[in-house]
Structure formats: C-alpha cells, structure tokens
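Have a look at the structure below before the remarks.
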Amino acid sequence: MQPVKDKLIVALDVDTLKKAEHFVDILYPAGIKLFKVGSQLFTACGPEAVRMVAKKGARVFLDLKFHDIPHTVSSATGSATSILVSTFDTAKGSIVESVQDATQAPPVFMMTVHTKGGLEMLKAALRGAIEKAAGLNIPKPLIIGVTSLTSDENNEDTQRTVLQAARMAKDVGLDGVVCAVSEAAMMRKEFGSDFVIVTPGIRIKKVAGDDQQRTATVSQALKAGSDFLVIGRPILTAKDPASVVDEILQEVPR
Ligand code: C5P
C-alpha cells in the first residue's frame, strides 16, 4: 500500500510566490512531496509557482478546474502538461529548460477539469494532455474531473449528481474524480481500483464558520479509499505547520 505521506497534497492557497515557497521549504522536509497550485496562487504568479515547487523536488497538482469551450480547454491542458522546469547544467555552465527534472518527472502530475463542461469538453481536455505529452515524450498527467464542490451542501441529490458526473468522466477516459470523502467509498465500489479518487475538505478538528460543508478526517478519507487527500487551511493557518503534518502522519496507519 502507498504510504500516507505520498497521498497528502497541501494546497498552497496563498497570494505570493514568497509565501508559497516558505510553506514548501517547511513542509517538504516534513514529508510532503505533493502540493496543490490552485486559482489563487496561479492567478498571482502563473507557472512560476509550479516551477518553484518542482525545483524543490516536489510535484504539482494543478487545480484550475478548467471549464470552457472544448478547443480552449484542450489548449489549456496541453499548456499545463508542458510547463517547464529550468535547471542549471554544470557541464554546460548554463540554465537548461526541460519538461522533466533530474528524476525524469514533469512538474504537473495531475490537473483538474470541471465535469460540468460536458462530454465534448472532457474529451478535448484529455486529448490536449495526451497529444502534448506524446509530442514531448513525457508521461501524461492525470486528468481529474471535479464533480461537486465540497463547499456545496449535502442534499438528497448530491450522491446522484456526483455519481452521474463521475460516470461521464470514467466513460470519457478521465483518470479519476474529485469528490467529498462521503462519496469516495461509493466511487471506489462503482469504478474500481484504477479510478483515482481525490478528496478535499479534510479537517483535523471542527472549525467554526467553515465554508467547507462535506468535511472528514484523514482516517475517514483513507478508510473510504481516497488516493489523494487535499488539505489547505488546517496546515497553512497552524502555528507550526510541520507539526500538524507530523501529527497526521503519526495518527494514521502507514
Ligand atoms: O483550506 P481547505 O483544506 O478547505 O482547502 C481545500 C482545497 O481543496 C482548496 O484549495 C479548494 O480549492 C480545493 N477543492 C475543494 N473542493 C473541490 C475541489 C477542490 O475544496 N471539490
């Protein structure tokens, strides 16, 4: 089984590159190897944020939830696939740009598209990433469909809507979905072990006034079969973010 630390993704939901770098510098040595770059940081700093994470040796989950006309989304997933890393080549004495780092891994290992964009858009999203990756001879990043936001309240339709969205994602050939922990077990049962399940809304304890409605603990997420757990504010707003990571890693079975 994959160790828990390889499943934790910390959301770098901050507004400057400096703050993002500060968190990577603290959390990478604590065991976090995956970071989410979402709309806040990407809007502020663009692909530089992705490059910064990659330069530190970590991988990026690019969560921009693409939702547009098929042609635009296909171009966007292609662009995300080909974000470059620059490294210093000591032999040449100069900076070289490549889509892979020294470990042969491209910076973006996973990205999101919104399933509300519909069948044609999802197909185009996948095509954009596949074609770009083939052209660059790199592995295709995982393309993940967002079903329903974890900030949406749970109602009698939630499970049905999430299941419908996930079925479309699976039929199109997407690699998996983002859903709440409360839907993860159903996803696993329905779509099997090859389907990637990403769950945000992870909480260590209850937070007053939380915008997230469908939350769960790390243990609940793992028990439900989640492959990747996205966690933001419980770590970012802690007095000692690295100790929160330690706490999580000690609490859950490895
Ligand atoms: O701070 P918090 O732990 O709530 O952060 C959760 C992260 O997961 C945020 O960056 C948010 O954009 C992301 N996310 C989510 N719900 C989804 C998809 C992504 O909360 N359905």
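The values are calculated or read from the model by the stated rules, or taken from the named source; none is laboratory data. Model, not experiment: these values are computed from the prediction. FYI the Cβ positions are ideal-geometry reconstructions off the backbone, even for glycines, and counts take in every protein chain you see.
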Just one listed residue, out of V73, V99, V60, is closer than 30 Å to V244 by Cβ, hydrophobic (A, V, I, L, M, F, W, C) and either out of contact with any strand residue (DSSP E or B) (no Cβ under 6 Å at 6 or more places or on another chain) or surrounded by 23 or more Cβ atoms within 10 Å (Cβ to Cβ) (or both), and it is V60
Over the stretch 1-23, the set of residues within 16 Å of the ligand (Cβ to nearest atom), within 17 Å of the chain's Cα centre (by Cα) and in a loop (DSSP other than H, G, I, E, B) is K7, L12, D13, V14
Subset of the stretch 114-151, residues touching a helix residue (DSSP H, G or I) at 6+ places or on another chain (Cβ under 7 Å) and of a type in the set (D, E, K, R), comes to E120, K123, R127, E131, K132, K140
Looking across the stretch 173-209 at residues that are part of a strand (DSSP E or B) and among the aliphatic types (A, V, I, L, M), the single one that is farthest from the ligand (Cβ to nearest atom) is V196
Scanning the stretch 214-240 for residues that are near the ligand (Cβ under 10 Å from one of its atoms) and in contact (Cβ under 8 Å) with a residue 24 or more places away in the chain gives R214, T215, L229, V230, I231, G232, R233, P234, I235, L236
- Does T147 qualify as being within 16 Å of the ligand (Cβ to nearest atom), surrounded by 18 or more Cβ atoms within 10 Å (Cβ to Cβ) and among the polar types (S, T, N, Q)? yes
Output for Cβ contacts, cut-off 6 Å, separation at least six or different chains, first residue at positive phi in the stretch 186-208, second within 13 Å of the ligand (Cβ to nearest atom) and modelled with pLDDT under 90, reads G201/T150; G201/Q212; G201/R214; G201/T215
| Has the stretch 24-33 got any residue that is in contact (Cβ under 8 Å) with a residue 24 or more places away in the chain, aromatic (F, W, Y) and crowded, with 20+ Cβ neighbours inside 10 Å? | no
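Restricting to the stretch 112-139, name every residue that is in a loop (DSSP other than H, G, I, E, B) and crowded, with 17+ Cβ neighbours inside 10 Å.
I138
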Pairs returned, first residue in the stretch 110-138 that is within 18 Å of F195 (Cβ to Cβ) and among the small types (G, A, S), second residue that is within 16 Å of the ligand (Cβ to nearest atom) and outside any helix (DSSP H, G or I), beta-carbon separation under 7 angstrom, 6 or more apart or interchain, are A125/F66; A125/V113; A125/I143; A129/I143
Margin query: Being within 23 Å of G117 (Cα to Cα), among the β-branched types (V, I, T) and assigned to a helix (DSSP H, G or I): is that true of T161 here?
Written below: yes
Counted residues in the stretch 219-239 being in contact with a helix residue (DSSP H, G or I) (Cβ under 9 Å, 6 or more places away or on another chain) and over 19 Å from D63 (Cβ atoms) come to 7
Heads up, the strands (runs of 3 or more DSSP E) in the stretch 24-94 (entirely inside) with at least 2 residues that are hydroxyl-bearing (S, T, Y) and more than 21 Å from L149 (Cα to Cα) are 85-89
